[in-house]
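Each value in this text was obtained by applying a stated rule to the coordinates, not by laboratory testing. Because the structure is a prediction, the values reported are computed rather than measured. As a convention, Cβ positions derive from the backbone with ideal geometry for all residues, glycine included, and neighbour counts pool all protein chains shown.
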Amino acid sequence: MTHSKALTATELDEFGAALDAIKQRELADVGEADARYIRRILKAVRYSEMLGRALLYIAIVLPPLWLLGAVILGISKILENMELGHNVMHGQYDWMNDPQLNGKNYEWDIVGTGDNWRKTHNYEHHTYTNIKGMDSDVGYGLLRLFPEQRWRPFYLMQPISAALLAVLFQWGVAIQDLELGKVFSGKKSKAEFKAGVKPLAKKVRTQLLRDYLFYPLLAGPFFLTVFSGNLIANLIRNLWTYMIIFCGHFTANAQVFPYSILENESRGHWYLRQLRGSSNLRGGKLFHILSGNLSHQIEHHLFPTVPARRYARLSLEVRALCEQYGQHYNVGSLPSQFSQVLYRILRHSLPSKPAPLKPLTTLEPGVAA
């Protein structure tokens, strides 16, 4: 575990004010360059989907093209989920007043609904980042990824559970807001559960009919060729998004916090919590685009409404600010960060007493130095 300097109240206020200034500067600067970029991404999603699906049909007579079609369709789905859908739903492009890019009603290409994601992710995760009991992204209600989580016998199976979640990641996202644990324990009524299932069932039906019935039926007797291509494309998307998201939240230096941290939490404390709960990935421009710029998870948590195409540049400024205030800036290669995630999955599946929750800083929120 890499340690960071404990900030005084004055330093914390200065740290928060500096990050606030960066955020306001970037939001005031959004304009045509951002609009051109996201429209190019939208076109790339559409054309790559058309190409991938076309190759799956051509593969009926040229079988070697089947894998290429499945891979291109998978990349299209990654691009739609990560760089288009996720960022649009954060409202990063609402200022454009383009109905296709409106974060409040955008619906993406997974079985989970956009409305559920806006609730569990945009609101709950980004408000209560890594707060135990408040942020359902901490283990997704299925995994023990921090020693501070209480161990239960079913965690012995979590290497298998984690692998299944990776393969079926879009389904994990889809059912997250149903809060099945609360339903089983009686903390959530059956009526509330049914109300949540109804829009989800409609979205699931739409997705399954499109990928596994409509497009395959167009291939006639070669139904299975297109069906299997769509299945592989969704698998590619699921595995990639799982890996990127887990690397952004569950590496060795990621920290989880107690609910009490919210008491008198200042803006500086909020920024510090985002920093301590996030991890970045090194990579080239294409890698960052395909990650939805969540390879800059730190910057995304600090500035979720700033267009993500700006994060690479902002990361230099944020890192320099962290160095100035003695704060660890968690960044590493994809193999390095993901190996830490895998270690957490394996290590914390084993029995151990829950570790005490570490303080965000040696100072409690609102307490002067």
Contact order relative to length of the chain, as percent, for alpha carbon pairs under 8 angstrom and 6 or more apart: 28 percent
Rg/Rh (Cα only; Kirkwood hydrodynamic radius) as it applies to the stretch 257-314: 1.07
Longest DSSP-loop-exposure-free segment, trypsin sites (Lys or Arg not before Pro), the chain, at most 16 other Cβ within 10 Å: 6-103
Estimated 222 nm signal from helices in the chain, with DSSP H stretches of n ≥ 4 weighted -39500 (n - 2.57), rounded to 500: -16000 deg cm²/dmol
Cβ-defined net charge surrounding G139, 13 Å radius [Lys, Arg +1; Asp, Glu -1]: +2
Where the Cα pairs of the chain fall when distances are cut into 20 Å bins, in %: 27, 58, 15, 1
Full-extension gain in nm, R46 to R25, via 0.36 nm per residue minus C-alpha separation: 4.3 nm
With Cα atoms, 0 to 90° folded angle of helix 9-29 axis to the chain main axis: 30 degrees
Amide proton proximity set for V331, modelled H, under 5 Å, gap of 5+: N280
Other-chain or far-sequence residues with amide H under 5 Å of F257's (modelled H): I131, K132
Between helix 267-276 and the chain: long-axis angle, C-alpha atoms, 0 to 90°, nearest 10: 60 degrees
In degrees, nearest ten, helix 32-58 long axis to first principal axis of the chain (Cα): 40 degrees
Prolate/oblate/rounded call for the stretch 1-130, Cα gyration tensor, a/c under 1.5 rounded: prolate
Whole-Å distance, taken between Cα centres, linking the stretch 224-238 and the stretch 130-144: 30 Å
Cleavage-rule hits (GluC sites (Glu not before Pro)) in the stretch 146-239: DSSP loop, at most 13 neighbouring Cβ within 10 angstrom: none
Proximal lysines relative to K202, as straight alpha-carbon distance under 30 Å, when same-chain residues fewer than 8 apart are discounted: K43, K77, K104, K119, K182, K187, K188, K190, K194
For the stretch 236-369: rounded, prolate or oblate by the Cα gyration tensor [a/c cutoff 1.5]: oblate
Integer Hz, Karplus 6.51/-1.76/1.60 couplings in order for the stretch 280-297, x for Gly and Pro: 9, 10, 7, x, x, 4, 5, 4, 5, 5, 5, 8, x, 6, 6, 5, 9, 4
